[in-house]
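To start, the structure itself, in structure tokens.
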Amino acid sequence: MRDGFGRTIDYLRLSITDRCSLRCTYCMPEDGVQWLEHNQILRYEDILRLLRIFAALGVKKIKITGGEPLVRKGVAGLISEIKAIDGIEQVTLTTNGVALKEQLPELLEAGIDGINLSLDTLDRARFAEITRRDALPQVLEGLEAAWSVPGLNLKLNCVAQAGRASDWVSLVGLAKEHDLAVRFIEPMPIGLGGGLESCTEADIRAALEHAYGPLTSCDAVLGNGPAKYYSLPEFQGKIGFISAVSHQFCDRCNRVRLTATGYLKACLQYDVGADLRPLLTGSDEELQAAIEAAIQNKPKAHRFSEKTVENREAHIMSQIGG
């Protein structure tokens, strides 16, 4: 499936809930948000119906997101059913790790292909400051359980915040003894993330090379997206950078997003797309036509550097499934 600029769209980020067990400062207000009612989010049977249509159109890879997807009951069963859809080649999950240790056996039995764990620091006090929850021990238990699974594609995602070089250095240290990818995501001006101080790939790389020496570029393909990967001598794992702001990669974007309410987002920055939920009462042909139209009209590129952008996304990250 190609969009209006000839890009192949084969990757869907699927949000299954807006709820979360943490309250990260760049994702959610301190007093939380008004959660969606259960009848406002897509039922699993509706999700599976939509994914069959997406798969028929060429989508091969699914990322389960939230909020925090593991707070919704039956995630492993959903993954198992997605894996059975013709054309779906890979199902992965992004999690904050709080419930990962408990649910990992079910996820593995369901056939999960990979796990991305979001973690910005290994310092307990700093973690509580960022997430407003004292849950680092549970997250580390989940991380340890995941890296103990042979062959599991495991990535650690850090939203890099200015002035926190010690956090970056300690996180990268995990890749020395463990076969995982530690990836640094530049803050994007979406929702509350717009209030973070700018922090670029160059800033992070300088701090890491000061601590560990020169990073060596590697050609390994470790995921579905635009991350660039590097290696360090005697490190089992890799270091990655997802730098949407300083190193725009829109020309090779391969993804769209489906929110928990059934809204198909063609680009993270904009609120343009298609509301698929009302169309579920109609035919698959109607749904397919709406999906194709939204993808055909996918914007050419984000404009994060501009202050005034038409159709700018107004929702916060937990509501759109980043």
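The values are calculated or read from the model by the stated rules, or taken from the named source; none is laboratory data. Fair warning: this is a prediction, and the values are worked out from it, not measured in the lab. Reconstructed Cβ throughout: ideal geometry from the backbone, glycine too, with neighbour counts over all protein chains shown.
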### Query
Does region 7-29 contain any residue that is touching a helix residue (DSSP H, G or I) at 6+ places or on another chain (Cβ under 9 Å), among the acidic types (Asp, Glu) and part of a loop (DSSP other than H, G, I, E, B)?
yes
### Task
Kindly establish whether residue 177 is closer than 22 Å to residue 25 by Cβ and modelled with pLDDT under 95.
no
### Of residues in region 30-70 being of a type in the set (S, T, N, Q) and not in a helix (DSSP H, G or I), the one nearest to residue 290 (Cα to Cα)
65
## Note on the structure
Filter region 274-292 for residues that are touching a residue at least 24 places away in the same chain (Cβ under 8 Å) and under 21 Å from residue 41 (Cβ atoms); the one that is surrounded by the fewest Cβ atoms within 10 Å (Cβ to Cβ) is 284
#### Entry: Some residue of region 32-40 being of a type in the set (Phe, Trp, Tyr), surrounded by fewer than 18 Cβ atoms within 10 Å (Cβ to Cβ) and over 30 Å from residue 301 (Cα atoms)
yes
### Task
With the checklist (1) over 16 Å from residue 116 (Cα atoms); (2) buried (at least 20 other Cβ atoms within 10 Å of the Cβ) in hand, flag the one item residue 8 doesn't pass.
(2)
### Query
Counting only residues that are outside any loop (DSSP other than H, G, I, E, B), surrounded by fewer than 22 Cβ atoms within 10 Å (Cβ to Cβ) and over 16 Å from the mean Cα position of the chain (by Cα), how many does region 105-116 have?
5
### Query
Within region 117-166, how many residues turn out to be in a loop (DSSP other than H, G, I, E, B) and of a type outside the set (D, E, K, R)?
13
### Message
I need the full set of residues from region 73-98 which are within 17 Å of residue 21 (Cβ to Cβ) and buried (at least 19 other Cβ atoms within 10 Å of the Cβ), in order please.
### Response
75, 93, 94, 95, 96, 97, 98
#### Entry: Where residue 217 falls short, out of the listed (1) assigned to a helix (DSSP H, G or I); (2) at pLDDT 80 or above
(1)
